[in-house]
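Student: The structure follows.
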Amino acid sequence: MSLGPLLAPGTARVPGTPAAAVAGIPVQPTLDDLGTPLQDVTFVVVDLETTGGSSADCGITEIGAVKVRGGEVLGEFQTLVDPGHLVPAFVARLTGITSSMVSTAPRIEAVLPSFLEFVHGAVLVAHNAPFDVSFLKAACRTAGYDWPGNQVLDTVPLARRVVTRDEAPNHKLSTLAALFRATVTPEHRALADARATVDVLHALLARLGPLGVTHLEDLAGATDPVPQDVRRKRHLADGLPDSPGVYLFRGPGDEVLYVGTSTSIRRRVRSYFTRSEKRGRITEMVRVAHAVTPVVCATPFEAQVRELRLIAEHSPRYNRRSRNPERMPWVRLTREPYPRLSVVRDVQAAATHIGPFASRQQALAAVDALHDAFPVRQCTRRLPLVAGVGSSACVLHEMGRCSAPCTAPVVDVDYSVVVEALRAALEADPAPVVSALGERIAELARDERFEQAGEVTHRLRAFLAGAARAQRTGALAACREVVAARATRSGGWEIVVVRHARLAATGVSPPGADPLPLVAALVATAEAVEPPVPPSPACHPHEAELVLSWLESPGVRLVELDGTWACPVRSARSHVDLAAAVGPVVRSVASTAVHGARYGSDAQDVVVEWSPDDDPRPEEPCSPPSS
């Protein structure tokens, strides 16, 4: 399952050299592996005064914030804000902020730029943080600013963890400030309450220290403790690289339990031992795991491909997707005197195929769509060129759904014409299928038979999905070699070598360096790939989808091409918008029948239609876990 040469930026791997050696993975864990110490974290404690309890119809009247790090106050932010409407009397009595006080204050649109600059890069802290954050997000939307996405820490769940009922009857800010003898008394004014929250935060962190909460990453588990047997497995993340790649959880017998991918292996694996992991089956997997093996990759794209290959190779019991590519069905137009449509699991030379499909049910739905459009035979026995004496047709002939070649006293030339039209719909333009089924959908809709219309639409979607997939992947699989490049954010080039739709090599050139020598090295040392039987790719079908997605992404440049890479102008993909293809009636049918509980999917999305178990996307998002 090798990709050939894996290249770290500007380097080439010597055959047999472990990935860890190339990436420089530390043999022992470093201090950085533990995360960010709390004394090095910049917190901005914020408090808002508002005109009510809902950010949907109420506004901010005052913002107060205190920036602290390591127990030292770095700065403060305070301003009144004109909410754009009168301050209710009960709010004025509670806070002391009146309509006259805010009438000359700046609007939130003028305040946000300086506030967002003040909190940039810091962890936002608030007492009952969802309330304050909801108002800040609403203000950003109103003013046209993007929410910066700061990590948010709520002191209420922290207090619930370490303050018992014997110490305090509740976890209100005023109660906690009195308990911890805060230097400032909360008075329903933003800056004063923020200052009091700073003292409460420091007191809570002091209590959490003996419980092992010493780093920012530890706070995720402090408010929602994970089981001790899971927390004890945190050492499995020690020494893992902070690099893109794949990680394999292994069981007691060194068997692979689970395969995932991320742009930061270390941070992603650490998240499995915190409250951020909510999946029951994965928590069960962590309890069984004894080790984690990293596989460092040059790029996140390579990591996604490696993940697919490792899942297909090991079939881990805790992975759900992409485990059995050999079971994915195709629809074949058989090579017989009188061809027919058949659902198969392999691709044979000189026969016409579409697919692969997510399931046998999807493949059968596509076959039904084709039978609705072309009167080819549906019987499974092998027919002679000329029928024997006394042969009789089946009921499908009487219904006009089969030309009955089984009864032809001479060679049925008309059947060959139908088969060639069917072949053209499979390989090139599916318009006859779209037209025939579109008319049927319109007829059913006029009769208000929406459930049947939904069934026909489902068949059409299944056919278009399989045909589009075969045309797209088949065109790329026919190319002996494709070399492409995409600029990186650092100024270098990410280069890939694709052979018959399979990723054969990848690497990244350093910023400012000439990428052509790296291109030559990758081509020379790339994996040798045998040509597949068209239209199947020389790889996992999901890998071909990933490769196509990368090649079609913005900014990709074609460097070299050996072969012809093209799709028909009137291909199945050109019919992606079913509403435009079969008329306005489909819009009504799609929303009434297809979008209902029976099928539960978007009628317009027909290019990629994988089931949850066969989704080509990586099992894990190839990005650092969110805080």
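Student: Select from the stretch 477-494 the residues that are surrounded by fewer than 22 Cβ atoms within 10 Å (Cβ to Cβ) and in contact with a His (Cβ under 8 Å, 6 or more places away or on another chain) and write down the one among them that is farthest from Arg557 (Cα to Cα).
Tutor: Ala478
Student: Taking the condition in a helix (DSSP H, G or I) and either crowded, with 23+ Cβ neighbours inside 10 Å or free of Cβ contacts under 8 Å to residues at least 60 places away in the same chain (or both), does Ala520 pass?
Tutor: It is true that Ala520 is in a helix (DSSP H, G or I) and either crowded, with 23+ Cβ neighbours inside 10 Å or free of Cβ contacts under 8 Å to residues at least 60 places away in the same chain (or both).
Student: Out of Val152, Val123, I need the residue that is within 18 Å of Glu72 (Cα to Cα) and either aromatic (Phe, Trp, Tyr) or within 29 Å of the chain's Cα centre (by Cα) (or both). Which one?
Tutor: The conditions single out Val123.
Student: Among Gly474, Gly507, which is the only one that is out of contact with any Leu (no Cβ under 7 Å at 6 or more places or on another chain) and either of a type outside the set (Ser, Thr, Tyr) or in the same structural domain as Pro430 (by TED's automatic domain parsing) (or both)?
Tutor: Answer to the check: Gly474.
Student: Further, regarding this structure: Would you check if Phe249 is of a type in the set (Phe, Trp, Tyr), modelled with pLDDT under 90 and not assigned by TED's automatic domain parsing to the domain that holds Pro157?
Tutor: Judged against the criteria, Phe249 is not a match.
Student: Then there is this: Inspect all residues belonging to the stretch 75-95 and state whether any of them is in a helix (DSSP H, G or I), surrounded by 15 or more Cβ atoms within 10 Å (Cβ to Cβ) and touching a strand residue (DSSP E or B) at 6+ places or on another chain (Cβ under 8 Å).
Tutor: Checking the stretch 75-95: at least one residue is in a helix (DSSP H, G or I), surrounded by 15 or more Cβ atoms within 10 Å (Cβ to Cβ) and touching a strand residue (DSSP E or B) at 6+ places or on another chain (Cβ under 8 Å).
Student: Evaluate the following for Gly239: is it without any contact (Cβ under 8 Å) to a residue 24 or more places away in the chain and in a loop (DSSP other than H, G, I, E, B)?
Tutor: no
Student: A follow-up question, please. For the stretch 141-155, what are the residues that are crowded, with 18+ Cβ neighbours inside 10 Å and not polar (S, T, N, Q)?
Tutor: Residues satisfying the conditions are Leu153, Asp154.
Student: Working carefully through the options Val269, Val200, Val256, Val213, find the one that is in contact with a Leu (Cβ under 8 Å, 6 or more places away or on another chain), crowded, with 20+ Cβ neighbours inside 10 Å and under 17 Å from Ala303 (Cβ atoms).
Tutor: Only one candidate qualifies: Val269.
Student: A further question follows. Kindly indicate whether any position in the stretch 157-171 is part of a loop (DSSP other than H, G, I, E, B), in contact with a strand residue (DSSP E or B) (Cβ under 9 Å, 6 or more places away or on another chain) and either more than 24 Å from Cys58 (Cβ to Cβ) or among the acidic types (Asp, Glu) (or both).
Tutor: No: zero hits.
Student: Sort out which residues of the stretch 185-217 are β-branched (Val, Ile, Thr) and modelled with pLDDT of 95 or more, and write them in order of number.
Tutor: Within the stretch 185-217, Thr197, Val198, Val200 meet the criteria.
Student: When you look at Val246, is it in contact with a Phe, Trp or Tyr (Cβ under 8 Å, 6 or more places away or on another chain) and buried (at least 18 other Cβ atoms within 10 Å of the Cβ), yes or no?
Tutor: Spelling it out, it is not the case that Val246 is in contact with a Phe, Trp or Tyr (Cβ under 8 Å, 6 or more places away or on another chain) and buried (at least 18 other Cβ atoms within 10 Å of the Cβ).
Student: Is there any pair linking a residue in the stretch 70-95 that is farther than 19 Å from Pro186 by Cβ to one that is assigned to a strand (DSSP E or B) and of a type in the set (Lys, Arg), with Cβ under 9 Å and at least six apart or on different chains, and which?
Tutor: Listed by first residue and then by second, the contacts come to Leu74/Lys67; Gly75/Lys67; Val81/Arg107; Asp82/Arg107; Pro83/Arg107; Gly84/Arg107.
Student: Right, Arg275: of a type in the set (D, E, K, R), within 23 Å of the chain's Cα centre (by Cα), more than 30 Å from Leu522 (Cβ to Cβ) and surrounded by 22 or more Cβ atoms within 10 Å (Cβ to Cβ) or not?
Tutor: No.
Student: Name every residue in the stretch 42-56 that is within 35 Å of the chain's Cα centre (by Cα) and not in a strand (DSSP E or B), in order of residue number.
Tutor: If the condition is that a residue be within 35 Å of the chain's Cα centre (by Cα) and not in a strand (DSSP E or B), then Gly53, Ser54, Ser55, Ala56 are the ones that fit.
Student: Consider the stretch 96-127. How many of its residues are assigned to a loop (DSSP other than H, G, I, E, B) and more than 14 Å from Ala143 (Cα to Cα)?
Tutor: Selection size over the stretch 96-127: 10.
Student: Might you let me know whether the stretch 541-562 holds any residue that is surrounded by 16 or more Cβ atoms within 10 Å (Cβ to Cβ), at pLDDT below 95 and assigned to a loop (DSSP other than H, G, I, E, B)?
Tutor: no
Student: So if I check each of Arg321, Arg382, Arg340, Arg332, which one is among the charged types (D, E, K, R), modelled with pLDDT under 90 and within 28 Å of Pro531 (Cα to Cα)?
Tutor: Exactly one of Arg321, Arg382, Arg340, Arg332 is among the charged types (D, E, K, R), modelled with pLDDT under 90 and within 28 Å of Pro531 (Cα to Cα), namely Arg321.
Student: Can you tell me how many residues in the stretch 514-546 are closer than 12 Å to Arg502 by Cβ and β-branched (Val, Ile, Thr)?
Tutor: 1
Student: Next question. Starting from the stretch 162-178, keep only residues that are without any contact (Cβ under 8 Å) to a residue 60 or more places away in the chain and of a type outside the set (D, E, K, R), then list their pairs with residues that are assigned to a loop (DSSP other than H, G, I, E, B) and surrounded by fewer than 19 Cβ atoms within 10 Å (Cβ to Cβ) whose Cβ atoms are within a distance under 6 Å, requiring at least 6 positions of separation or different chains.
Tutor: Correct list of pairs: Thr175/Ala168.
Student: Any idea which of (1) surrounded by fewer than 16 Cβ atoms within 10 Å (Cβ to Cβ); (2) on the phi > 0 side of the Ramachandran plot is the one Thr36 doesn't satisfy?
Tutor: (2)
The values are calculated or read from the model by the stated rules, or taken from the named source; none is laboratory data. Nothing here was measured: the structure is a model prediction, and the numbers come from that model. Using ideal geometry, Cβ is built from the backbone for each residue, glycine included, and neighbour counts are taken over all protein chains shown.
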